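Here the structure is laid out as C-alpha cells; the discussion comes afterwards.
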Amino acid sequence: MFIDLRSDTVTKPSMAMKEAMFLAEVGDDVFGDDPTVLALEEKAANLFGKEAALFCPSGTMTNQLAIRVHTWPGSEVICDKYSHIYLYEGGGVALNSFSSLKLLDGDRGRLNAQQVRDAINNPEDIHQPTTSLISLENTMNKGGGCFYQLSDIQEIRSVCDEKKLPLHLDGARLFNALVETNDSPLVHGQLFDSISICLSKGLGCPVGSLLLGKKDFIKKARRFRKVMGGGWRQAGFLAAAGIYALDNNIERLKEDHARAKQIGKILEGLPFVENIYPIDTNIAIFQLPETILASDFVAKMKEQNIGCVVFGKHLVRFVTHLDFTDIHLEEFEKNIRKTV
Ligand SMILES: *Cc1c(COP(=O)(O)O)cnc(C)c1O
C-alpha cells in the first residue's frame, strides 16, 4: 500500500463522484450552453454571494486571470513572499500581466493591514510602479496551512477601500480555513473583489477551479481564459464532480485536519524530527537536522511506501486528504518508524 501524502491533489474521484460525472448533462461551454458548467458556476457564485463565476482547469489559471483583469502593464501587486502566485506559478504575473510583485514578510505568509498600508505606493510618484492589487492566500500553503482570522482580513479590506484598491483571495484551500473558523463564505464573498477556489485539492475532484467575482469582471476573465486556450467544450463532466464535491466534501475536511494533527503526534517522538511547524489544517511540515537533506529523506520515505515532498533544504511536507483514512494512518505510523 502506497501512502500518498505528497499533496491533497492526489485524490481520485470516488464511485459516487464518478457516477455524478457519468450522468452529467453536457453541452459546449465555449458556446455557453453546458448546463452542468452553468449550474456549478451559479452554485459557487451563490455560495459566496458573488454575481458570477468561471470554471477553469486549474487554480493557477484562476489566479492568473484575476491578476490579469485587476492589473495593467507596469503595475505592482502586493503579496506575501510565500505566496503561491509568486513561488509556484512560473513567473506568470510577469508573463501574463506585465506586472511586478511586491513581496512582504508576513506571519507564516499572512499579511496584516499595517504592512499592506505601508507597501502601497503613492500613485502620484512617477518613480514607483502604481499599486494595482492586494492578494492574500488562505489557507497559506507555504506557511504550513495556517489561516486568517476574519478581523485581520476586515482590516486589510478597510485599507483597500480607503486606497481604492481591489483585494484578491487565492483560496485554493479556503474551505479548509472555513471549517475551522466557521466563518461564512458569504462574508468572504463581501470582503474580496475576487476569489479563486480549487475543487481538485481537499474537495477531491479530478480537475477544476473556480474564479468568483462581479459580472463584468468574470466576463473579462472569460475572454482571457479563451485567449490562454482555456475555452473548453463538454466540461460539464468535470463540473458535475465539482457540484458533487461542494455538496458532499466540505464538512469532512475536519477529518483531514484531525489526521494531520495525529501525524504531528507521531512525528514528535521520532529521532530525525528537529522541529514541527504548528498544524492548523491538513498540512504537516517538519524540519530535519542539518545532517539530513530533505531530498534524501523523501527518497527513503518512498522506499517505505510513503509519499511526501521536499519543502526546503531540510523541510518535509505531508498533506492529508480524503483518500488518507485511519487504515493509512496506522500504516504510516508503522512505516515511518522504520525510516531512521
Ligand atoms: C494548488 C494551489 C493553487 C493552484 O494550483 P493548480 O495546481 O494550478 O491548480 C493555487 N494556490 C495555492 C495556495 C495552491 O495550493
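Name the residue, out of 333, 290, that is over 24 Å from residue 173 (Cβ atoms) and touching a residue at least 40 places away in the same chain (Cβ under 8 Å). Before you say what the answer is, go through the steps one by one.
Numbers: 290 fails: touching a residue at least 40 places away in the same chain (Cβ under 8 Å).
Answer to the selection: 333.
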TODO: Hey, can you tell me all the residues within region 1-18 that are of a type in the set (Asp, Glu) and more than 17 Å from residue 207 (Cβ to Cβ)?
DONE: 4
Open item on the list: Tally up the residues in region 48-100 that are open to solvent by 10 Å² or more (accessible area, probe 1.4 Å), more than 13 Å from the ligand (Cβ to nearest atom) and among the aliphatic types (A, V, I, L, M), please.
Closed with: 4
Open item on the list: Six or more apart or on different chains, Cβ atoms under 6 Å: show the pairs whose first residue is in region 203-214 and over 16 Å from residue 249 (Cα atoms) and whose second is within 14 Å of the ligand (Cβ to nearest atom) and among the hydroxyl-bearing types (Ser, Thr, Tyr).
Closed with: 211/62; 211/196; 213/194
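Whether any residue in region 175-184 is over 20 Å from the mean Cα position of the chain (by Cα) and more than 29 Å from residue 312 (Cα to Cα) is what I want to check. I'd like the intermediate steps shown before the answer.
Initially, region 175-184 is screened for residues over 20 Å from the mean Cα position of the chain (by Cα), giving none.
No, every residue in region 175-184 fails to be over 20 Å from the mean Cα position of the chain (by Cα) and more than 29 Å from residue 312 (Cα to Cα).
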- [ ] Taking residue 159 as the residue in question, decide whether it is in a loop (DSSP other than H, G, I, E, B) and among the aliphatic types (A, V, I, L, M).
- [x] no
Open item on the list: For a quick check of your reading: which helices (runs of 4 or more DSSP H) sit entirely within region 171-254 and have at least 3 residues that are touching a helix residue (DSSP H, G or I) at 6+ places or on another chain (Cβ under 8 Å), open to solvent by less than 10 Å² (accessible area, probe 1.4 Å) and charged (D, E, K, R)?
Closed with: none
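Hey, among the residues in region 294-309 that are of a type in the set (A, V, I, L, M, F, W, C) and over 25 Å from the mean Cα position of the chain (by Cα), which one's most open to solvent (accessible area, probe 1.4 Å)? Spell out how you get there, then give the answer.
Looking only at region 294-309, we keep the residues that are of a type in the set (A, V, I, L, M, F, W, C), and these are 294, 297-299, 301, 306, 308-309.
Now drop any that are not over 25 Å from the mean Cα position of the chain (by Cα), which leaves 297, 299, 301.
Details: 297: 8, 299: 55, 301: 0 Å².
Restricting to residues being of a type in the set (A, V, I, L, M, F, W, C) and over 25 Å from the mean Cα position of the chain (by Cα), the top hit is 299.
Suppose the filter is polar (S, T, N, Q), under 18 Å from residue 54 (Cα atoms), at pLDDT 95 or above and out of contact with any Asp or Glu (no Cβ under 7 Å at 6 or more places or on another chain); does residue 196 pass it?
On the way: polar (S, T, N, Q): yes; under 18 Å from residue 54 (Cα atoms): yes; at pLDDT 95 or above: yes; out of contact with any Asp or Glu (no Cβ under 7 Å at 6 or more places or on another chain): no.
No, not satisfied.
Could you list, in sequence order, the residues of region 5-19 that are part of a helix (DSSP H, G or I) and open to solvent by 50 Å² or more (accessible area, probe 1.4 Å)?
First, pick out the residues of region 5-19 that are part of a helix (DSSP H, G or I): 15-19.
Matches in region 5-19: 15, 18, 19.
The values are calculated or read from the model by the stated rules, or taken from the named source; none is laboratory data. Just so you know, these numbers come straight off a predicted model, no measurement behind them. Backbone-built Cβ (ideal geometry, glycine too); neighbour counts: all protein chains shown. With ligands, DNA and RNA removed, areas are computed over all heavy atoms of the protein, side chains included. Shrake-Rupley method; radii C 1.70, N 1.55, O 1.52, S 1.80 Å.
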